[in-house]
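**Q** Below you will find the structure I want to go over with you.
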Amino acid sequence: MAKPDTRADPAPVPPNTPRAVTIVGGDVPADATAASVNLTVTETAGDGFLVAYPCGGDIPLASNVNFRRGETRAVAAIVGLGPDGDVCVSSNVAMHAIVDVNGFYAPAPQHGPAAALRPLAGSRIASSRDGIGGWTSPFAPDTIRALDPVAALADASQATAVTLNVTALNAGAPGFATLFPCGDDVPLVSSVNFFPGSVATNLVTVDLASDRTVCFYTSTGVDLIVD
């Protein structure tokens, strides 16, 4: 979906200066009330935090993602939309922000069933570190692997999207992982950003392909664990 990116303006977003990001439009209807987003901060001028909130209100005393100077870090969030269908992002230090929209909340339809989220007990479905899910080796740079995350569910045919916890570790270089429905091109987004010597995790909501698969792309060599 949408991918607002403050790096379109070379100057970073100043500290404590809200930046409005339009969410509605395109795939997101005007009656949407909230959005499921992936927030990424990069080119950070110092240690700090970023908060996302409905535009039109005061900056809340909260944080969605905390980071160190110079880090690139991503986190999933569900954020209400302001009166104009936008979300505001603000940080206590200068930085750039990227907002990837992967879903939205809207009023239930007058006719027909409404979409619903079915929570499940946590379970590990793939790990390139341990061979779970058939992933018997770490990801090499620019590698894509497919996974059917609902294969074990009795009512898998009803699923259209999934929410996964993705952990990256043992990275050989700074990089990112991207999740997307298999059959599509690799989108210009990141789901998890990672660095050597660190363990990075993020909650990722992603559509299923027509054959129920999700594809995982990594820009550099890394192990991925999927719950």
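**Q** So which of Asp58, Asp31 is touching a residue at least 12 places away in the same chain (Cβ under 8 Å) and among the acidic types (Asp, Glu)? Please lay out each step first, then the result.
**A** Details: Asp58 fails: touching a residue at least 12 places away in the same chain (Cβ under 8 Å).
Just one listed residue meets the conditions, Asp31.
**Q** Residue check, Thr160 against (1) among the hydroxyl-bearing types (Ser, Thr, Tyr); (2) open to solvent by less than 50 Å² (accessible area, probe 1.4 Å); (3) touching a Leu at 6+ places or on another chain (Cβ under 8 Å), all met but one. Which one?
**A** So the condition that Thr160 fails would be (2).
**Q** Which residues, counting only those in the range 101-111, are open to solvent by 10 Å² or more (accessible area, probe 1.4 Å) and touching a strand residue (DSSP E or B) at 6+ places or on another chain (Cβ under 9 Å)? Outline the logic, then answer.
**A** The initial filter retains those residues of the range 101-111 that are open to solvent by 10 Å² or more (accessible area, probe 1.4 Å), namely 102-111.
Within the range 101-111, Asn102, Gly103, Phe104, Tyr105, Ala106 meet the criteria.
**Q** Considering Thr44, Thr17, Thr40, which residue is among the β-branched types (Val, Ile, Thr) and loosely packed, with under 15 Cβ neighbours inside 10 Å?
**A** Unique residue meeting the criteria: Thr17.
**Q** So is Ala20 part of a strand (DSSP E or B), in contact with a Gly (Cβ under 9 Å, 6 or more places away or on another chain) and more than 25 Å from Thr160 (Cα to Cα) or not?
**A** Numbers: part of a strand (DSSP E or B): yes; in contact with a Gly (Cβ under 9 Å, 6 or more places away or on another chain): yes; more than 25 Å from Thr160 (Cα to Cα): yes.
Against the criterion (part of a strand (DSSP E or B), in contact with a Gly (Cβ under 9 Å, 6 or more places away or on another chain) and more than 25 Å from Thr160 (Cα to Cα)), Ala20 qualifies.
**Q** Checking the structure you have, find out if any residue of the range 73-94 is surrounded by 20 or more Cβ atoms within 10 Å (Cβ to Cβ), aliphatic (A, V, I, L, M), within 22 Å of Thr167 (Cα to Cα) and in contact with a Lys or Arg (Cβ under 9 Å, 6 or more places away or on another chain).
**A** no
**Q** On to the next question. Could you count how many residues in the range 139-157 are open to solvent by 50 Å² or more (accessible area, probe 1.4 Å) and either under 23 Å from Val75 (Cα atoms) or of a type in the set (Lys, Arg) (or both)?
**A** Total satisfying the criteria: 4.
**Q** Moving to a separate point now. Return the residue satisfying two criteria in turn: it lies in the range 170-188 and is open to solvent by 20 Å² or more (accessible area, probe 1.4 Å), of a type in the set (A, V, I, L, M, F, W, C) and within 19 Å of the chain's Cα centre (by Cα), and of such residues it is farthest from Gly103 (Cα to Cα).
**A** Within the range 170-188, the match that is farthest from Gly103 (Cα to Cα) is Phe176.
**Q** Got a number for residues in the range 189-212 being assigned to a loop (DSSP other than H, G, I, E, B) and either surrounded by fewer than 17 Cβ atoms within 10 Å (Cβ to Cβ) or of a type outside the set (Val, Ile, Thr) (or both)?
**A** Residues meeting the conditions: 12.
**Q** Can I ask one more? Being closer than 17 Å to Leu81 by Cα and over 15 Å from the mean Cα position of the chain (by Cα) narrows it down to one residue among Asp47, Asp31; which is it?
**A** Asp31
**Q** Let me ask something additional. List pairs: first residue in the range 4-17 and touching a residue at least 40 places away in the same chain (Cβ under 8 Å), second residue outside any strand (DSSP E or B) and among the charged types (D, E, K, R) anywhere in the structure, Cβ distance under 9 angstrom, at least six positions apart or on different chains.
**A** Close Cβ pairs satisfying both conditions: Arg7/Glu43; Pro12/Glu43.
The values are calculated or read from the model by the stated rules, or taken from the named source; none is laboratory data. Bear in mind that the values here come from a model prediction, so they are computed numbers and not experimental data. Please note: Cβ atoms are built from the backbone with ideal geometry, for glycine as well, and neighbour counts cover all protein chains shown. Surface areas here come from the heavy atoms of the whole protein model, side chains and all, with no ligands, DNA or RNA. Shrake-Rupley method; radii C 1.70, N 1.55, O 1.52, S 1.80 Å.
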